[in-house]
Amino acid sequence: MENNPGETPPVLELGGVTKRFGGVTALTDVDFALARGEVHGLVGENGAGKSTAMKIIAGVHTEFEGEYRIDGRPVRLRSTADALAHGIGMVHQELSIVPALSVAENVFLGSQPVNRFGLLRWRHMASQAREHLAALGIDVDPAMRAGDLSIGLQQLVELGRVLFSGARIIILDEPTSALSPPEVKQLFGVIDRLRGQGRSFIFISHFLDDVLEISDSVTIFKNSRRVATARAADLDKAAIIEHMIGRSHQELEETYLHQLELPVRSTEPVVLSARGLGLKGAFEGIDLEVREGEALGIYGFMGCGQLELARALVGKVQPGVGELLRGGEPARLRNTADGKKAGIAIVPESRGSMLFSDVPVYRNISISILERISRWFLKPREERRIAAKQVEDLKIRTASVDALLRTLSGGNQQKVALARWIAHEPKVLVLAEPTRGMDVGAKDDVVKIVRALKERRMGVVVVSTEPETILSLADRIMVMRRGRITTEFAGEPVGKDQLLAAA
């Protein structure tokens, strides 16, 4: 991290940064530098370490090994507020816009101007918000309700708030994941304008085309390490993918040609289908079919709309257009209870939303079938018997079915979530991020579980941002990009590089 005499130091630098969480190393000896007026792209697979690095820069993680410098001076941030005081702001993928408040209130969120009586200076706030957003090329009525804006404009309003707070180093986390092409163009125009004013950006994205278009430099992470940094002009998508995966493009393609060939399209009866399904701001024009004994994989980068689609298939959210059919008949699902009656269930990406940590394992499993066991009173012995069979079949590691769920590892809790709906025996089971956070052994168990479900004629939909998960579980693969299904793989060889390129 030495700078030559007279050389302008980077506005931000990490040197030899290592971050551990208990026995897990999330970052290993990472170097990173950001120049004034630079857009620096950051790419890597899920879990590669880029998010940990950004949280260190943004003051979220304050304990780490190594050096952190701003304008050539060593710093140790104590909080996100401390980071902002140093001119560092972050626009997260999950926007923090308050939909019920006006645009002006969102621009000034946390710093609303008040008069000497403590009352909000509405007129001044609206005038300043309009002027500030106009300087970014954003023409929007500051009195409008923020929730009525498009996602793209909401993103720009949030960027405006970060800039208004004084940030000169801005971290953008998947900023284009939910934007239409015109909105991406507008965002890039704003970034270009600010880059010319000397603001610096770290641009984190899975969309490699966007990274290459807007970035001056690109840094690639793999397995907690920085594996490459290069000028964007010297890279293309294939080169980035090779660095992310760690082997040459040709070698990897040949490896997957030998390892994975999707089976021919199934001709079994269709158990679930969608026609023209659309949900504003999430996905549109979705046509798909799931057949008996088939695992349909839906792959895409975070924010492409696949999780919202998974929820729509089970009644958790209601699409604005299109229709669902269950066994050829229209299925009007107002909620997940209707989904359950129709024989469609979901294991969501967040097991915490469906499991009870201070309740025994057997009750977490049996809750989906209590009405089948008894209509009037509980039968703990029968609940335990059913749960014990699931524990054995799914190889759930627990002292007993009476153990509290929180005593199990994360991977085994995920298996309990699976067991709950397998015990219910739905016709279609939707698995959202089924192997997230699991070790290799647990992931292998999930592969065997899905194979067993297919043998029982169950239709399975696997939705994941992890290509390995999709490749190991799916018979047929659909790739989503920005709310649409853009590619389908069936009855042909397919590899990880092809999924990454298609997404």
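Every read-out reported here was derived from the displayed coordinates using simple, explicitly stated rules and does not represent laboratory data. Every value quoted in this text rests on a predicted model; they were computed, and no experiment measured them. Neighbour counts are summed over all protein chains in view; Cβ atoms, including those assigned to glycine, are modelled from backbone coordinates with ideal geometry.
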Exercise. Could you give the nm distance between label points at VAL114 and ASP234, where each point is 7 Å from its Cα heading toward the beta carbon?
Worked result: 5.4
Problem set entry | Above-threshold pairs, the threshold being 30 Å between Cα atoms, out of LYS222/LYS316; LYS340/LYS443; LYS280/LYS340; LYS341/LYS395 | LYS222/LYS316
Exercise. To the nearest 10 degrees, how steeply does helix 181-196 sit against the main Cα axis of the chain, on a 0 to 90 scale?
Worked result: 30
For this session: Starting from the Cα of LYS19, draw a straight line to each of the aspartates and glutamates and keep only those under 14 Å, dropping any in the same chain fewer than 8 residues away.
Result: ASP29, ASP31, GLU63, GLU65, GLU67
Exercise. Out of residues 5 or more away from LYS222 or on other chains, whose amide H comes under 5 Å of its own, with H placed 1.01 Å from N in the peptide plane?
Worked result: VAL227
Problem set entry | Under DSSP loop assignment and at most 11 Cβ neighbours within 10 Å, longest GluC sites (Glu not before Pro)-free interval of the chain | 95-503
Seminar exercise, completed: Taking r as the C-beta separation of ASP141 and GLU371 and R0 as 56 Å, the FRET efficiency to the nearest 0.05 is 0.60
For this session: Out of all DSSP beta bridges with both ends in the chain, state the antiparallel percent to the nearest 5.
Result: 55
For this session: As a check on your grasp of the helix formula, calculate [θ] at 222 nm for the chain: sum -39500 (n - 2.57) over DSSP H runs of n ≥ 4, divide by the residue count, round to the nearest 500.
Result: -10000 deg cm²/dmol
For this session: Towards the positive end of the charge dipole of the stretch 11-117, with charges on Cβ (+1 Lys, Arg; -1 Asp, Glu), say which of LEU77, GLY22, LEU95 has the farthest Cα.
Result: LEU77
For this session: Go through the stretch 49-62 residue by residue and turn each phi into a ³J(HN,Hα) via Karplus (6.51, -1.76, 1.60, θ = phi - 60°); whole Hz please, and just put x for glycine and proline.
Result: x, 5, 5, 4, 4, 5, 5, 5, 4, 7, x, 6, 9, 9
Exercise. Using 1/(1 + (r/R0)^6) with R0 = 56 angstrom and r between the beta carbons of VAL359 and THR8, what's the FRET efficiency to the nearest 0.05?
Worked result: 0.40
Exercise. Under a straight-distance cross-link criterion of Cα-Cα below 19 Å, which lysines are reachable from LYS389, leaving out those fewer than 8 residues away in the same chain?
Worked result: LYS379, LYS415, LYS448, LYS454
Exercise. Between the DSSP loop rule and a limit of at most 13 other Cβ atoms within 10 Å, which trypsin sites (Lys or Arg not before Pro) in the stretch 54-114 are left?
Worked result: ARG76, ARG78
Exercise. Using +1 on the beta carbon of Lys and Arg, -1 on that of Asp and Glu, and nothing else charged, what's the dipole of the chain about the Cα centre, debye to 20?
Worked result: 2040
Exercise. In the stretch 113-184, what trypsin sites (Lys or Arg not before Pro) fall in a loop by DSSP, with at most 12 other Cβ atoms inside 10 Å?
Worked result: ARG116
For this session: Give, as ranges by residue number, the residues of the stretch 297-320 whose backbone N falls under 17 Å from the point 7 Å along Cα→Cβ of ARG334.
Result: 314-320
For this session: Rounded to whole Hz and in sequence order, give me ³J(HN,Hα) for the stretch 341-348 from the Karplus expression 6.51 cos²θ - 1.76 cosθ + 1.60, θ = phi - 60°, writing x for Gly and Pro.
Result: 5, 7, x, 10, 9, 9, 9, x
Problem set entry | Cα gyration tensor shape for the stretch 351-425, rounded if a/c is under 1.5, else prolate or oblate | prolate
Problem set entry | Cα-based convex hull volume of the chain per residue, rounded to whole Å³ | 178
Seminar exercise, completed: Per the 1/(1 + (r/R0)^6) rule, R0 = 30 Å and r from the Cβ atoms of VAL98 and ARG275, FRET efficiency to 0.05 is 0.25
Problem set entry | Dipole of the stretch 360-494, positive direction: furthest Cα of PRO380, VAL479, GLN413, with charges on the beta-carbon | PRO380
Exercise. Fewest to most neighbouring Cβ within 10 Å: what's the order for HIS206, HIS124?
Worked result: HIS124, HIS206
Exercise. Full extension from GLU455 to LYS395: what is 0.36 nm times the residue separation minus their Cα-Cα distance, to one decimal in nm?
Worked result: 19.8 nm
Seminar exercise, completed: Relative contact order in percent for the chain (Cα pairs under 8 Å, 6+ apart) equals 15
Problem set entry | Qualifying chymotrypsin sites (Phe, Trp or Tyr not before Pro) in the stretch 9-117, DSSP loop, other Cβ atoms within 10 Å at most 14 | PHE117
Exercise. Can you list the HN-Hα couplings for the stretch 402-411, worked out from phi with the Karplus curve (6.51, -1.76, 1.60; θ = phi - 60°), rounded to whole Hz and with x for Gly and Pro?
Worked result: 8, 5, 5, 4, 5, 7, 8, 5, x, x
For this session: Find the Cα radius of gyration of the stretch 36-183, compare it with 2.2 N^0.38 Å by division, and give the number to two decimals.
Result: 1.14
Exercise. Put +1 on the Cβ of every Lys and Arg and -1 on every Asp and Glu Cβ in the chain; which of VAL43, HIS61, PHE301 then has its Cα farthest towards the positive end of the dipole?
Worked result: HIS61
Exercise. Between ARG481 and residues 5 or more places away or on another chain, which pairs have amide H atoms under 5 Å apart, with H built 1.01 Å from N, and which residues are they?
Worked result: THR486
Seminar exercise, completed: Given backbone amide H placed at 1.01 Å from N, residues whose amide H is under 5 Å from that of GLU492, ignoring those fewer than 5 places away on the same chain, are LEU262
